[in-house]
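Below you'll find the structure, written out as structure tokens, and then a few comments.
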Amino acid sequence: MGSIWELDFYSRPILDENQKKVWEVLICESPSDVRANPESLFRFAKYCPSTQVNSGWLRTAIDEAIEKATVSPTRIRFFRRQMNNMITKACKDAGIPVQPSRRILILHKWLEQRIEEVYPKEPGYQAISNPSVRLDAPVPQRLPDALESEKWGFVTLKASDFTEMNEWDIGFGEGFPLSMMGIEEEAKIPGILLFSGRAIPLAAWMSGLELANLKFDPSLNNGRMILETGASESWVLANIRNSEMQTEAKAFEQAKQKANGVHFIGVQSSPESESFAGFWLLQEVVLA
């Protein structure tokens, strides 16, 4: 059984002998287990001349990565919307499902590390940043009526609680090792629990959205909780009804910042349930 991969294909702050930007493909394994060792996750990097930037070159690079990994991924995630057509074609030509996603946690940290430590040592390095991938966000959509939760609330868990996440009864979900994010065991991780009589359909629907992060949007009335998914989609998860909940929402954002952006969302049939129809560890990252 293969794993999920994260992929980036874009120009780097390096010029070749013709003063053209050098491109690079980065491919890494997406962690799904809270006990995973980040150092053991698969990684593949290869520079691409500016004259060969096309889906054919990228497809060949993906094939090389598969040969190196000795197993094909179940699907590939990518976050650069401006590269959608090229990446999608290359992955489909390689016979691999592909999905726009902001859930690229290992890739994000790897890019940061290469920007600081690898590219400056390359001949032709130019100390300029790549254009931002952040584009205007669309208006958040309403959740389908049949999937709205009847009740919800803010909750907090200690980071150490997640060491047993593999033993929890979870229908749909995904985690990652908190050690990868520099989170100490006593750190408080904020989250939201949704309670619904249609918990399983709600969790199943959410599992296909490539969950990115939760955030408090204070712009309307008392505010609302927004669930960001895919490369650019967002959904109104819940409306903040009063000043007390607004205070809790602000505390959620503050706790999230203290936890390096890490937070979670869970779906249960009722507050008394000991199982989760869905549970996802999330992290809000700034893609630039």
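Pick the calculated Cα Rg over 2.2 N^0.38 Å for this structure from [x] 0.93; [y] 1.00; [z] 1.06?
[z]
So, in nm, how far is label Asp33 from label Lys258 when the simple model puts each one 7 Å beyond its Cα toward the Cβ?
3.2
Per residue of the chain, what 222 nm ellipticity follows from adding -39500 (n - 2.57) for every DSSP H run with n ≥ 4, rounded to the nearest 500?
Calculated at 222 nm, the ellipticity per residue is -7000 deg cm²/dmol.
Need the list of lysines near Lys121 for cross-linking: C-alpha distance under 25 angstrom, and skip anything on the same chain fewer than eight residues off.
Answer for Lys121, where 25 Å is the Cα cut-off: Lys20, Lys21, Lys46, Lys109, listed by chain and number.
Output the antiparallel fraction of DSSP beta bridges having both residues in the stretch 4-121, as a percent to the nearest 5.
65
Which percentage, to the nearest 5, of the DSSP beta bridges contained in the stretch 141-283 is antiparallel?
Given both bridge residues lie in the stretch 141-283, the antiparallel proportion sits at roughly 70 percent.
What trypsin sites (Lys or Arg not before Pro) in the stretch 201-269 are in a loop by DSSP, with at most 15 other Cβ atoms within 10 Å of the Cβ?
Passing sites in the stretch 201-269 are Arg241.
Collect residues whose amide H, placed 1.01 Å from N in the peptide plane, falls under 5 Å from the amide H of Phe172; neighbours closer than 5 in sequence don't count.
Hits under the 5 Å cutoff: Gly278, Phe279.
Tally Lys/Arg at +1 and Asp/Glu at -1 over every other residue whose Cβ is under 14 Å from the Cβ of Glu29; what's the total?
Combined, the nearby Lys, Arg, Asp and Glu give +1.
How high is the relative contact order of the stretch 141-283, in percent, counting Cα pairs under 8 Å that sit 6 or more residues apart?
Result for the stretch 141-283 is 32 percent.
Pick out which of Gly182, Gly223, Gly261 has the largest mean-square fluctuation in a Gaussian network model of the chain, springs linking Cα atoms closer than 10 Å.
Checking each option, the largest mean-square fluctuation is seen for Gly182.
Taking R0 as 25 Å, what's the FRET efficiency between Ala251 and Glu274 from their Cβ-Cβ distance, rounded to 0.05?
0.40
Compute the length gained on full extension between Lys20 and Ser179: take 0.36 nm times their separation in residues and subtract their Cα-Cα distance, giving the result in nm to one decimal.
Gain on stretching Lys20 to Ser179: 53.4 nm.
Give me, ordered by chain and number, the residues 5 or more places off Leu237 or on other chains with an amide H under 5 Å from its own placed amide H.
The answer is Met225, Ile226, Leu227.
Taking 51 Å as R0, compute the FRET efficiency from the Cβ-Cβ separation of Arg241 and Thr88 and round it to 0.05.
Step by step, r from the Cβ atoms, then E = 0.80.
Any read-out appearing in this document is the output of simple, stated calculations on the displayed coordinates, not a laboratory observation. The shown structure was predicted, so the numbers you read here are calculated from the model rather than taken from an experiment. Neighbour counts are summed over all protein chains in view; Cβ atoms, including those assigned to glycine, are modelled from backbone coordinates with ideal geometry.
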